[in-house]
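Colleague: I have a structure I would like to understand better, so I am pasting it below and will then ask my questions one at a time.
The values are calculated or read from the model by the stated rules, or taken from the named source; none is laboratory data. Note that the structure is predicted; figures quoted are calculated from it, not measured. Glycine also receives a Cβ, built like all others from the backbone with ideal geometry; neighbour counts cover every protein chain displayed.
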Amino acid sequence: MKMFQISLIVLLAATASHATSQPKADTYAVVTVQMGMHSYDAIRWNRTTGQAYLLRNQAWQPIPETDRDKPLPEGTYEVQFISLQNDWGAIRINTETGESWTMSEGKWIAIDEMLPTEPAETKTDKDPPTADSTSP
């Protein structure tokens, strides 16, 4: 019985080690956009790290980050790609945090968050009358 337990532990450890060493099947994703009758552009990205690549001359070229000196935090990243008149646009988002970037001149640029503004104060019936609100 003890030999069976040791064998089972070794087998479980080997299985766990093997399972963690292989990348998930959906680690990378690709989006394409048609650029003409016979041409297209493509972006490939790692869904966990956010690192993205642009297809250029049959090779994946990393898209640089303009405002980061360290890698993006791990998360869940998505990229949207849209065809424009004679160009295209791309946006990347970390779907866990909402942090997002737009591509400009071949680089990712962070999209700033707008701070909420204070709602305008409204008068209620409980507000005391003012000189302007009373009639003569």
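Colleague: Would you be able to tell me the number of residues in the range 76-101 that are surrounded by 14 or more Cβ atoms within 10 Å (Cβ to Cβ) and β-branched (Val, Ile, Thr)?
Modeller: Residues meeting the conditions: 3.
Yes or no, residue by residue, for (1) part of a strand (DSSP E or B); (2) of a type in the set (Gly, Ala, Ser); (3) farther than 24 Å from ASP26 by Cβ; (4) modelled with pLDDT of 80 or more:
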residue	(1), (2), (3), (4)
TYR53	yes, no, no, yes
THR102	yes, no, yes, yes
THR117	no, no, yes, no
GLU121	no, no, yes, no
THR130	no, no, yes, no
THR134	no, no, yes, no
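Colleague: Considering each residue of the range 27-50, count those that are more than 17 Å from ASN86 (Cα to Cα) and either touching a residue at least 24 places away in the same chain (Cβ under 8 Å) or assigned to a strand (DSSP E or B) (or both), and give that number.
Modeller: Qualifying residue count for the region: 12.
Colleague: Would you mention how many residues in the range 74-100 are farther than 11 Å from ALA52 by Cβ, at pLDDT 90 or above and either part of a loop (DSSP other than H, G, I, E, B) or among the hydroxyl-bearing types (Ser, Thr, Tyr) (or both)?
Modeller: Going through the range 74-100 one residue at a time, the tally reaches 9.
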